[in-house]
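Data block below; observations after.
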Amino acid sequence: MNRKRARVLKTLNEMTVTGEKITFLRLARTARVSNWLVYAEGLREHIEEAIKKQSGAAQREAEAGSDVSTESLAADLELATAELRILRAERDQLKAAMSRLRETEAERDQLRELLKETGRN
């Protein structure tokens with residue numbers, strides 16, 4: 001095996017160990033070889049396999065990361081419940097304020113009517 005092919009395989013192994021994202025172009029640049037060499041028979045298969053493994057590992061990590069603990073869900077539920085209590089209290093305050101406003105408007109309308117009647121007499 002010539003030195004450049006050996007360097008590509010060594011670099012591929014290092015990238016695999018460090019978890020660096022593997023692409024044909026990145027591997028060629030890192031190994032300081034031409035792009036066509038990484039596509040050559042005997043290297044291409046190793047690189048494709050490494051990319052496939054890395055892709056599968058990334059997907060498994062993403063899926064594992066989506067698992068949420070029971071404690072986390074309980075904390076989220078508690079926060080949501082507290083926020084709901086606050087929002088309901090604000091809603092009740094706004095309803096009471098609207099009711100007072102309607103009463104005030106009704107009283108104002110009654111006073112206007114009385115003033116009109118008083119002014120006519």
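Across Ala74, Ala96, Ala28, mean-square fluctuation computed from a Gaussian network of the chain (C-alpha pairs under 10 Å connected) peaks at Ala96.
Figure note: Thr81, Thr18 ranked by solvent-accessible area, largest first, 1.4 Å probe, ligands and nucleic acids not counted: Thr18, Thr81. Couplings 3J(HN,Hα) of region 84-99, computed from phi: 5, 4, 4, 5, 5, 5, 5, 4, 5, 5, 5, 4, 5, 5, 5, 4 Hz, in residue order, whole Hz [Karplus 6.51 cos²θ - 1.76 cosθ + 1.60, θ = phi - 60°; x for Gly and Pro]. Here the average projected area of the convex hull drawn through the C-alpha atoms of the chain stands at 16.4 nm². Pairs exceeding 20 Å between alpha-carbon atoms, taken from Lys4/Lys52; Lys21/Lys53; Lys4/Lys53: Lys4/Lys52; Lys4/Lys53.
The values are calculated or read from the model by the stated rules, or taken from the named source; none is laboratory data. Keep in mind that this is a model prediction, so the values were computed, not measured. For accessibility, only protein heavy atoms count, side chains too; no ligands or nucleic acids. Shrake-Rupley method; radii C 1.70, N 1.55, O 1.52, S 1.80 Å.
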